[in-house]
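Comments concern the structure below.
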Amino acid sequence: MAELKHNLSLDEFRARAVQLGLTLSEEDLGHLHKGYLGLLQLLERIPTDWAAEAEPGHIFQPLLEAGR
């Protein structure tokens with residue numbers, strides 16, 4: 001996965017929105033930028049090396065039909 005740029009300023013965010021053809025108000029840009037930075041902070045918390053043995057197994061059983 002490509003490295004994400006975590007220090008994207010509001011001006012850079014605004015420039016990218018313009019490049020994508022988005023017509024957003026300053027208020028919308030501010031909310032989206034804040035959400036973008038929050039999402040990146042959450043992504044940083046996801047471990048890169050999952051311990052598979054710590055995850056519970058999933059067991060799928062067929063559904064029972066009524067009247068059987």
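The values are calculated or read from the model by the stated rules, or taken from the named source; none is laboratory data. All figures in this text were calculated on a predicted structure; none of them were measured in a lab. For neighbour counting, all protein chains shown are included, and Cβ atoms are generated from backbone atoms with ideal geometry for every residue, glycine included.
Observations on the model:
- Considering region 18-29, and only residues there that are in a helix (DSSP H, G or I) and not β-branched (V, I, T), the residue that is nearest to L8 (Cα to Cα) turns out to be L29.
- Within region 1-20, the set of residues being of a type in the set (S, T, N, Q) and at pLDDT below 95 comprises N7, S9.
- Some residue of region 21-28 being within 21 Å of the chain's Cα centre (by Cα), surrounded by 10 or more Cβ atoms within 10 Å (Cβ to Cβ) and at pLDDT 95 or above: yes
- Within region 36-63, residues that are under 30 Å from A17 (Cβ atoms) reach partners that are of a type outside the set (V, I, T) and modelled with pLDDT of 85 or more with beta carbons closer than 8 Å, at six or more positions or on different chains, in the pairs Y36/L8; Y36/F13; L37/L8.
- Filtered by the rule that a residue be at pLDDT below 80 and either part of a loop (DSSP other than H, G, I, E, B) or under 24 Å from the mean Cα position of the chain (by Cα) (or both), region 48-68 gives W50, A51, A52, A54, E55, P56, G57, L64, E65, A66, G67, R68.
- Looking only at residues in region 30-68 that are hydrophobic (A, V, I, L, M, F, W, C) and closer than 15 Å to F13 by Cβ, the one that is surrounded by the most Cβ atoms within 10 Å (Cβ to Cβ) is L32.
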